[in-house]
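The values are calculated or read from the model by the stated rules, or taken from the named source; none is laboratory data. Bear in mind the structure is a predicted one, so any value in this text is a computation, not a measurement. Methodologically, a virtual Cβ is constructed for each residue, glycine included, from the backbone with ideal geometry; neighbour enumeration extends over all protein chains shown. Side chains included, ligands, DNA and RNA excluded: accessible areas come from the protein's heavy atoms. Shrake-Rupley method; radii C 1.70, N 1.55, O 1.52, S 1.80 Å.
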Amino acid sequence: MNAIPHDLARAQTLHARILHAHAELRRAERDLALLLAEMADSKLFVTLGYASLRDYGEQVLHLSPRKTRGLAHLGRCLPDLPELDTALASGDLGWTKARELLSVATPETEAAWVEVARDSTSRELERLVATHRPGEEPTHDPLGEDEYVRLVFDRMHRVDAELVRTAII
């Protein structure tokens, strides 16, 4: 069934507006990351009556502690990773992909990692990053099955950590 020309024009206009809004959201997340890093480093959240950046993020911005921490960390790293900063500022990358790149990208390898991130889904990028060490150039395993995978645990309850240790040993 063919779309009516008016519906097609409306759909294309709406699509363009959505893409613009999405790029604006990505740019805003980059700006928020830089601002949260400044707030954390200056500890001005205390002046505003908050005990921590976490409290500030939860109570004022309604962000999860993980997202607040991740954005602040990203904001601190961006000055050393100008290619990544440019990709975020242009709206080409979102903060979640950028956060993923922080564990492997260095000033020497960031351009290659940013290019891979642009062309990958978040899940693909996550799998690729898990197989690389900081400073390594991105490489693709044609079968998608690298021999080694890096596991990183942010935080967990000590009982759960002991279960993980037991399972690994």
Query raised in the report: If you go through region 108-119 one residue at a time, how many are within 15 Å of Gly91 (Cα to Cα) and open to solvent by less than 50 Å² (accessible area, probe 1.4 Å)?
Result: 2
Report summary line: Among helices (runs of 4 or more DSSP H) entirely inside region 25-94, those with 2 or more residues being touching a residue at least 24 places away in the same chain (Cβ under 8 Å) and open to solvent by 40 Å² or more (accessible area, probe 1.4 Å) are 65-77, 82-90
Requested in this report: Please indicate, with yes or no, whether at least one residue in region 11-22 is touching a residue at least 40 places away in the same chain (Cβ under 8 Å), assigned to a helix (DSSP H, G or I) and either among the hydrophobic types (A, V, I, L, M, F, W, C) or closer than 15 Å to Ala72 by Cα (or both).
Outcome: no
Report summary line: Ser103: passes all of (1) open to solvent by 30 Å² or more (accessible area, probe 1.4 Å); (2) farther than 19 Å from Ala130 by Cα but (2)
